[in-house]
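Everything on this sheet refers to the single structure shown next.
The values are calculated or read from the model by the stated rules, or taken from the named source; none is laboratory data. Remember, predicted model here, so these are calculated numbers, not experimental data. Using ideal geometry, Cβ is built from the backbone for each residue, glycine included, and neighbour counts are taken over all protein chains shown. In case anyone asks, the SASA skips ligands and DNA or RNA and just uses the protein heavy atoms, side chains included. Shrake-Rupley method; radii C 1.70, N 1.55, O 1.52, S 1.80 Å.
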Amino acid sequence: MRAVTPVLLVSLAATAACTTAGEPAPATPRPGSALPSIQSKTEGLEAMDGFLPLYWDEAEGKLWLEVPETDTELLYVHALASGVGSNDIGLDRNQLGRTRVVRFERAGRKLFLVEPNYGFRAVTDNPAERTAVEDAFARSILWGFTIAAETDGRLLVDATDFVIRDVHGVADRLRGSGQGTYRLDEDRSAVHRANTRAFPRNSEVEVVLTFAGDPAGGHIRSVAPTPEAVTVRQRHSFVASPPPGYEPREADPRAGYFGVTWTDYAAPLGQPMTRRWIARHRLEKHDPSAEISDAVEPIVYYLDPGVPEPVRSALLDGARWWNQAFEAAGYRDAFRVEMLPDTADPLDVRYNIINWVHRSTRGWSYGSSVTDPRTGEIIKGHVLLGSLRVRQDYLLAEGLLSPYTGEEVSPAMREMALARIRQLSAHEVGHTLGLAHNYVASTADRASVMDYPHPLVRLVDGEVDLSLAYDTGIGEWDEVAITYGYAGFPESVDEPAALERIIDRARDRGLVFLSDQDARPAGSAHPRAHLWDNGIDAAAELRRMMEVRRVALDRFGEAAIRTGMPLATLEEALVPLYLHHRYQVEAAAPALGGKYYTYAIRGDGQVPLRRVPADEQNAALDALLETLAPSALTLPRELVELIPPRPYGYWPHRELFDRYTGVTFDPIAPATAAARMTVAMILNPERAARLVEQAALAPGLPTFADVLNRLEAATVGASATDSYEAAIKRQVEDVVVRQLIALAGTAPMPQVRALATDRLRRIGERVALREDDIADRAHGAYLAAEIRRFLQRPAEPQPAPGPLDPPPGSPIGGN
C-alpha cells in the first residue's frame, strides 16, 4: 500500500470567486504546508541522529520519532531490559520478545505502523498474483500515530504513548503465573533516557514501567521489594533490514535446524506449497572456490562482563568450541568470542551476546535470536545463561562425593561444575546459530553439545569418579550440522546435491538427528532419544547408575556439607543423589512397545521404522523393575538418624522431599517419590497403547498384559527383609494401585482401560487375602477397599491422596 499524500482541497466555486480579470489565480498549496517543519518542531530538544532519529523533550517527558521514509520495511523487536528475577514467573533480564517485519504507511495526517503478513506469499513475477495473496490474508496495524511535523517527506510523530506500554506482556505473564492482577501505572512509568539511543542501522528506546496490583502469588512476593509495585524496563528496537545478498537455504528435517516456514501460493501445481528455510547467520567465504577460506565477515559473539571468574573463562572456552565446527565447514577463524566492551549495550542488535542472568531459583537457560521472518537470516544471537546452573552441578558433586572429610577439599567438584558450564555455553550458542536439540547424539559417543548431558559418573576402584562427567569440545554431529547450514559452494556446484551428500555421509558414520518431539513426552517411543541420558544401552546404563547411586549413598553423611552448616541441610545434597537415576528411568522406558525410526525421506535409503526386539524390551523392563525393589529404595540407617528437623531460618523449600511426618525427615517419602517416577513411565497411557498395538501386529513381543504381570510380581509380590523394607514395599504397592486407577479411568484407548481395570480387580482379590502381620493385613484391606471404590464408581474423584510428588528435576544442568 502506497502512502497517501495529504493535499489541501479547495472547491472550484471558491477558486472562481477569488479570480478577477487581470489577477492570477492563487497558488495551489504545497502538500504538507499545513504542518510545521521538523526543525521548528524540535527546536530546543535533545536530538539523537541515527536510523530513525529521536528527539527528547526533557521538560514534557516526551519522545519524538522521525521517520525518514515510508513504505520501507524494517524490523521491530521488543525485549525486557531488566527482569523480575523469578524462574517460575519467567521474566528475565535481557529477554527477547518477538521480531516483526514492519513498515510505516501514511494516511493523511495519520502514520500507521503496519506488519505485513509473511506467512502467506506468492513468489512470482506477476504483481497481480502477489496482490491477490496479500489481499487474501489479514495484516496488522500495530499503532497509529498523528503526524506532527514534516520536512521533504520526512515525518515526525510523538512516540511517547507507543513506547510507554506493556509490549512485552509483563502484566499477562504475572496473571498467567498466578501472581495477581496488575496494570500499567503510567504515573510511575517514563522513557529511560540513559538507554535510549540511535545508531546508523538501529534505534533503541528503553522505558521504565511500573505495574501496580494486588499480589496473589508467592513468587512475586519473594523477589519484589514491594510486590504491590513491580518495576521493570522494556526495550523497543527499530532495526534496518539486512542488506541484499543473503541467500536462504532450504531446510531438511534430517539436518537439525530451526527456521521460518511459510506458504507459497505461487508454487507450481503438484509441488509443496509449504516452504521451509533454515535460520542461520550470514557467512560468506572470501574465496568460494577454496576448500578453506577466510570469511568476508566473521561471526563474533560477546560475553556479558558481569560474569565472574572462573565461570567467565569457562563460558568463553565453551562458546569458542564452535570455531572447530566452522573450520570443518571450510572457514578459517570465522567464529570468535570476545568480552563485551564497557560502552556496548547487550540489547543492541549489532552485538551477538551471551548474557549472565540471575534468578532466585534455578531454571532453564535459553538460546534465542533476532531472525528475519522473510528469509531466516539471524541478525543477532542472544543467549540467556542462568547463573544458578553452575551451583546446581556443584551440589550434584557434593552429594556424589561427600568430600568434606578434612581441611583439603577435592577440586573434582569445581572442575565438574566448570566442565558443565562450558558445555552449557556451547549448547546455548548452538541454538543461536540455528541448531535444534539432537537428543539421539548421546548414543553416538556424545556426538553433540546440542543434546542434554547427564554427568557420566563412574566407579573406579570402588570410588566415585567425576573426571569424565562432561565431554570437551564440539561433537561430530555439530560439525555436520554447521557444514550443512553454513558451507559455501562455488556457482558450479549443485547445492542441493552437495547438501544431500553431507547428510548421507553423516548417516554412514552413524550420525543422525532426532529432536524434542521424539524425546520429551513421557510416552516417547524411540529407545535412544532422550534427555539427560548416556550410552547406547539404556537398560545397562540404568543398572550401572543404580550401582553408582548405592555406593554414593552408602558413603553419604556429614561429609556432604561443610563444617558449620546445619545437619538438616544434608537433605539438599541427598535429593539429587537419591534420584540420580531418574532420567535414566525415563530413557529406559521407551523401549517398551518402542520403535526405532528416522526422519526418513523417500529415496534416501533409510529404514523408516522397526520395532524394538523382544530381548531389548524385556531387559529394559527388568532394569526398571529393579528400581522398585525395597532394597533399592532404602536409605542407610545411620543417615536416617543423622538428619534433624530444619532449624529456625532454614525454612523448607521445593528442592526437598515432600513428607508425611511433618517437621521430621521422612525416610519413606523419598521411596514413594522415586517409585512414582518409575511406575508412571511404565504405565504411561501412550506406551500402554503401543504395547496393545504391538500384541496385535507383532506376536512374540511383550504385550501390555505381560508388562502388568511382571509389574505386579515385582511390587505386590516382592519380599522384604526387615520392617523398613516392608514399609517401603507397602508404599510402592500404593503407587502401583494409584497409577492403575488413573490409567483405568482416563486412558484414551478402551483396551488399555480394560486391561488396567482387570489388573486392579486381580490385585484387589490378592491383597484382601493377606494374613501376615497387622500392618500388611491392614494395608491389603485398605488397597482392596480403594480398588472396590473405583470399580463401583469409576467416574468419581478418588478421595485419598495420591503419592508424594518428587522434587523438581530438570533442568539438572541447563537447557
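Structural remarks
- Evaluated against (1) charged (D, E, K, R); (2) closer than 19 Å to ALA688 by Cα; (3) touching a Phe, Trp or Tyr at 6+ places or on another chain (Cβ under 7 Å), GLU571 falls short on exactly one condition, (2).
- Residues in the stretch 611-662 that are part of a loop (DSSP other than H, G, I, E, B), closer than 16 Å to ARG549 by Cβ and of a type outside the set (S, T, N, Q): LEU628, ALA629, LEU635, PRO636, PHE657.
- Filtered by the rule that a residue be open to solvent by less than 20 Å² (accessible area, probe 1.4 Å) and closer than 14 Å to ARG759 by Cα, the stretch 693-709 gives PHE704, VAL707, LEU708.
- For the stretch 359-398, a residue qualifies if it is under 30 Å from ILE220 (Cβ atoms), out of contact with any strand residue (DSSP E or B) (no Cβ under 8 Å at 6 or more places or on another chain) and either open to solvent by less than 30 Å² (accessible area, probe 1.4 Å) or in contact (Cβ under 8 Å) with a residue 40 or more places away in the chain (or both), and the qualifying residues are SER360, THR361, ARG389, VAL390, GLN392, ASP393, LEU395, LEU396.
- Odd one out for SER203, checked against (1) open to solvent by less than 10 Å² (accessible area, probe 1.4 Å); (2) over 20 Å from GLN95 (Cα atoms); (3) among the hydroxyl-bearing types (Ser, Thr, Tyr): (2)
Condition check ((1) buried (at least 16 other Cβ atoms within 10 Å of the Cβ); (2) in contact with a helix residue (DSSP H, G or I) (Cβ under 7 Å, 6 or more places away or on another chain)) across all residues:
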| site | (1), (2) |
| --- | --- |
| ARG544 | yes, no |
| ASP554 | no, no |
| TYR583 | yes, no |
| PRO590 | yes, no |
| TYR596 | yes, no |
| GLY605 | no, no |
| LEU609 | no, no |
| GLU616 | yes, yes |
| ALA620 | yes, yes |
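- Per the listing ARG362, ARG374, ARG350, the residue uniquely in a loop (DSSP other than H, G, I, E, B), at pLDDT below 95 and farther than 23 Å from VAL457 by Cβ is ARG350.
- On inspection, SER448 qualifies as of a type outside the set (A, V, I, L, M), open to solvent by less than 20 Å² (accessible area, probe 1.4 Å), assigned to a loop (DSSP other than H, G, I, E, B) and without any contact (Cβ under 8 Å) to a residue 60 or more places away in the chain.
- Yes/no for ARG770 being open to solvent by less than 60 Å² (accessible area, probe 1.4 Å) and not in a helix (DSSP H, G or I): yes
- Qualifying positions in the stretch 127-178 - open to solvent by 20 Å² or more (accessible area, probe 1.4 Å) and among the hydroxyl-bearing types (Ser, Thr, Tyr): THR131, SER140, THR146, THR151, SER177
- Those residues of the stretch 179-196 which are touching a residue at least 40 places away in the same chain (Cβ under 8 Å) and either open to solvent by less than 50 Å² (accessible area, probe 1.4 Å) or out of contact with any Ser or Thr (no Cβ under 8 Å at 6 or more places or on another chain) (or both), in sequence order: GLN179, GLY180, TYR182, ASP185, ALA190, VAL191, HIS192, ARG193, ASN195, THR196
- Total residues in the stretch 276-317 satisfying the condition of being closer than 30 Å to MET416 by Cα and in a strand (DSSP E or B): the figure is 5.
- Among the residues of the stretch 70-120, those identified as part of a loop (DSSP other than H, G, I, E, B), touching a helix residue (DSSP H, G or I) at 6+ places or on another chain (Cβ under 7 Å) and either open to solvent by 10 Å² or more (accessible area, probe 1.4 Å) or on the phi > 0 side of the Ramachandran plot (or both) are VAL84, GLY85, ASP88, GLY90.
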